[in-house]
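Step one of this worksheet: look at the structure below.
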Amino acid sequence: MEKTVKGLANFLKKNNFTWGKTTRCFNRIHFKSDGSIDYFLYMFNTAIDPEKEKQFDILLNRFIQTYKFGISGSVNFSQYGPVIYND
């Protein structure tokens, strides 16, 4: 998951998104067999401003449209775990 989260962090930074504080989150990312993201679930464990979450969601949806994991397989696969986001 580290590669995907780093890719997302870089994408957020390029789009001028800042967290403003250390933010804990749990992510579950489901990939299609070709390495593209099928869907990306998240649950923040740190209280964040609803507007900040809305902005994150918009950028996340843009990110998952083009991101490829770099590894493919014969079946779909997933990654999940806790993540700490910060600026």
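Of note:
- Helix content alone sets the calculated 222 nm mean residue ellipticity of the chain: runs of n ≥ 4 DSSP H residues at -39500 (n - 2.57) each, divided across all residues, give -11500 deg cm²/dmol.
- Annotation: amide H-H contacts under 5 Å for TRP19 (H modelled 1.01 Å from N, sequence separation of 5 or more, or interchain): ASP87.
- Footprinting exposure proxy ranking of SER36, SER74, fewest other C-beta atoms within 10 angstrom first, gives SER74, SER36.
- Nonlocal amide H pairs with PHE69, under 5 Å, H built at 1.01 Å: SER36
- Degrees between helix 50-66 axis and first principal axis of the chain (Cα, 0 to 90, nearest 10): 20
- Debye, to nearest 20: dipole size of the chain, +1 on Lys, Arg Cβ, -1 on Asp, Glu Cβ: 180
- Near-label residues of the range 1-20 by backbone N, under 15 Å of a point 7 Å along Cα→Cβ of ILE48: 5-20
The numbers here are math on the coordinates, done by the rules we state, and not lab data. None of these values were measured; they are calculated from a predicted model. Ideal geometry is used to build each Cβ from the backbone, glycine not excepted, and the neighbour counts take in all protein chains shown.
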